[in-house]
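Report on the structure given below.
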């Protein structure tokens, strides 16, 4: 299967490269964040609060993007987001007190989850939707997700470097972990220079507009996506790693290896998603790959051993994210082109807000009990989302599926 359309616009390649740079940073940050906070002496509950703050801050910034994206150029906003990414990395590399870290987490670009929840997301999605036709749109978004997941896998593997450095050089993990946050800032700098090369808005066919005729369907989808995100917020990668550290005593290097393979399986699923969607449709692909993954997630707390728990999580990774490119493609398909930036923002903001609420509860549950209640809550809520989505949208087809 050809990953990229032949007539792809040049800016799409810049966006895919930028996604890869950011994904590498997200891959190691999502694992190092709970480790760093543990090293600084903070409780599981405090870690949950900070993770929630990062997601809530992302939601606030994404909401702001939705209000100004049709006035300011996408490239200007993306460059500004890169500056914020640089500042976030520097802040976490230098600061050790909880309240300043909480503030930096809220206003910055840290991503504690396996997927992308940053303000970059709606801007990049809107530009990518303009870079390919209806027939190629799902494939392009699958490639976008594939790049993110594969490079995030390498980032997860790199999360073991501080442990190796501490063993080789002696001393604690604090300094090596801070060096990785400095690397995160450098990745932001590289993305900054990359996105400065994006063409100005005048070169694009249709100027962005706020939601109009598509408002109702976008709001309904946003509500459903929020339910899914609320469930996912119980098991963002940072908190899932924290549970593995606490419950099984998993080392940082072992966790990095596990999440490397988890992201690789997720990446492979992105290759399958467009082909499945071509056969059974976008909505059916979103539901019938996602629902089994949630049942696997519910089974994880009952696994009698670490290896079986990890196996169930890996099987889930092979299924759980096929809805990501298909969901994005579906949203871009059911709105008019000028509304795409606003639609991406409106569907992303409630997701981020809903996801931000769950880590508060999840952190408390992890502190109160080693049993994985957050995994059961996540699987149940996400399964309910799947069934509601199927019931409400199975007959609402995108243009490429209409006969």
Listed highest first by mean packing, meaning other Cβ atoms within 10 Å per residue, what order do 24-31, 153-160 come in? 24-31, 153-160
Length-normalised contact order for the chain - Cα pairs under 8 Å, 6+ apart - percent: 30
Rounded, prolate or oblate, given the Cα gyration tensor of segment 281-377, with a/c below 1.5 counting as rounded? oblate
Tell me the angle of helix 282-299 to the major Cα principal axis of the chain, expressed in degrees between 0 and 90 and rounded to the nearest ten. 20
For n ≥ 4 DSSP H runs only, could you compute -39500 (n - 2.57) per run for the chain, divide by its residues and tell me the 222 nm figure to the nearest 500? -26000 deg cm²/dmol
Using r as the Cβ-Cβ distance of residue 369 and residue 314, and R0 as 30 Å, what FRET efficiency do you calculate, to the nearest 0.05? 0.80
Given labels modelled 7 Å from the Cα in the Cβ direction, how far is it in nm from residue 380 to residue 279? 3.4
For the chain, longest principal axis from Cα atoms; helix 98-107 axis from its Cα atoms; angle between them, nearest 10 degrees, is 10
Could you sort 45-54, 373-382, 390-399 so that the peptide with the highest average Cβ count within 10 Å comes first and the rest follow in order? 45-54, 373-382, 390-399
Using Cα atoms only, what is the angle between the long axis of helix 252-280 and the major principal axis of the chain, expressed in degrees (0 to 90) to the nearest 10? 20
Going from the fewest other Cβ atoms within 10 Å to the most, one would list 192, 98, 330, 144 as 98, 192, 144, 330
How high is the FRET efficiency from residue 168 to residue 395, r the C-beta distance, R0 45 Å, rounded to 0.05? 0.15
Cα-Cα pairs above 27 Å in the chain: how many percent? 45
Contact order normalised by length for segment 140-291, with contacts defined as Cα pairs under 8 Å and 6 or more residues apart; what percent is it? 53
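A short reminder: the numbers here are calculations on the coordinates, not readings from a lab. From a predicted model like this one, the values you see are computed outputs, not experimental measurements. Neighbour counts run over all protein chains shown; Cβ positions are idealised from the backbone, glycine included.
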